[in-house]
Amino acid sequence: MDGDIPNLQGKIAALRTSIEENSQRIYDKEEPFSWREIHPEFFSDYIQLADECWAVILYRGYFAAFFMENSRSCELDVCTIIKGVDARYKLSGGGIVSMDHAKPFMLEHARDLKFHHRPKKNHDERDFEAFEKRIIGLARRVPVGTMLDFLPSMEEWDGNSIFVPTEIDLIRKFLEKLPYHGYFVSGIDSENGIDFWKGQDSGGRDFGDQGFVRIARHYRLIKQVFEFTV
């Protein structure tokens, strides 16, 4: 394990260099946007009680897509989604074994649900940037639910500053299988040279800016994106 650390530190240094280069290259090419001001009704105030962030994200993504296509009221809520998923795949703390196990129930209410996955670790940097561009393209049409790596320093983060992973975060990201957390992407922007996602957390209005937080891009934190067709 100790022998792997210098190698990992080299990879992390290369990642940071790549982030700086990508930020500079695309700074003038990506227009900031935010759904929060345009459609505040997309963003429910549901407060996560246990590990059910997966259901919160599916609900928010479904509701936003549903709202864009329908004038009638949405028939789903977080509790309905939790109850609708087969009990064999739900964990005691409120989590779910895999998001794939929620798909059959969601397809009873949506015409389609596509899962877009982050490239594997051994993929080229261009693949990761292409994945981010896909997320941006989807989020420009409607806010999208995602699952991202829950890094150790997020435990102490108050949600007010832009979250940027620490060196320890990145080392553990390479070495460990980290838990995931739901994040509802509502836009992008840049500040002081940092490109970041804008989105809603599931911790309630007391976290961040009334529940909205900013997370640095290009660190390969988003693992899955959920695209609904209703």
Select from region 46-84 the residues that are free of Cβ contacts under 8 Å to residues at least 40 places away in the same chain, among the small types (Gly, Ala, Ser) and either crowded, with 19+ Cβ neighbours inside 10 Å or assigned to a loop (DSSP other than H, G, I, E, B) (or both) and list them in ascending order. Ser71, Ser73
Please specify each residue of region 146-159 satisfying the condition of being on the phi < 0 side of the Ramachandran plot and either within 17 Å of the chain's Cα centre (by Cα) or in a helix (DSSP H, G or I) (or both). Thr146, Met147, Leu148, Asp149, Phe150, Leu151, Pro152, Ser153, Met154, Glu155, Trp157
Might you let me know whether region 145-156 holds any residue that is surrounded by fewer than 20 Cβ atoms within 10 Å (Cβ to Cβ), in contact (Cβ under 8 Å) with a residue 12 or more places away in the chain, hydrophobic (A, V, I, L, M, F, W, C) and in contact with a Leu (Cβ under 8 Å, 6 or more places away or on another chain)? yes
Note: among Ser186, Ser202, just one is touching a strand residue (DSSP E or B) at 6+ places or on another chain (Cβ under 7 Å), part of a loop (DSSP other than H, G, I, E, B), of a type outside the set (D, E, K, R) and within 29 Å of Pro104 (Cβ to Cβ), namely Ser202
Right, Leu113: surrounded by 19 or more Cβ atoms within 10 Å (Cβ to Cβ), farther than 25 Å from Gly211 by Cα and touching a strand residue (DSSP E or B) at 6+ places or on another chain (Cβ under 8 Å) or not? yes
Determine whether region 178-193 contains at least one residue that is within 19 Å of His218 (Cβ to Cβ), surrounded by fewer than 15 Cβ atoms within 10 Å (Cβ to Cβ), modelled with pLDDT under 95 and among the small types (Gly, Ala, Ser). yes
Checked against (1) closer than 18 Å to Trp54 by Cβ; (2) out of contact with any Asp or Glu (no Cβ under 6 Å at 6 or more places or on another chain), Asn192 satisfies every condition except (1)
Single residue of Glu132, Glu125 found to be out of contact with any Phe, Trp or Tyr (no Cβ under 6 Å at 6 or more places or on another chain), acidic (Asp, Glu) and modelled with pLDDT of 95 or more: Glu132
Filter result for Arg205 (touching a Gly at 6+ places or on another chain (Cβ under 6 Å) and exposed (fewer than 15 other Cβ atoms within 10 Å of the Cβ)): yes
Residue check: is Lys173 surrounded by 20 or more Cβ atoms within 10 Å (Cβ to Cβ), within 17 Å of Arg217 (Cα to Cα) and free of Cβ contacts under 8 Å to residues at least 60 places away in the same chain? yes
Limited to region 19-40, what total is found for residues that are in a helix (DSSP H, G or I), surrounded by fewer than 14 Cβ atoms within 10 Å (Cβ to Cβ) and at pLDDT 90 or above? 3
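The values are calculated or read from the model by the stated rules, or taken from the named source; none is laboratory data. Treat the numbers as computed from the prediction; the structure is a model and nothing was measured. Glycine also receives a Cβ, built like all others from the backbone with ideal geometry; neighbour counts cover every protein chain displayed.
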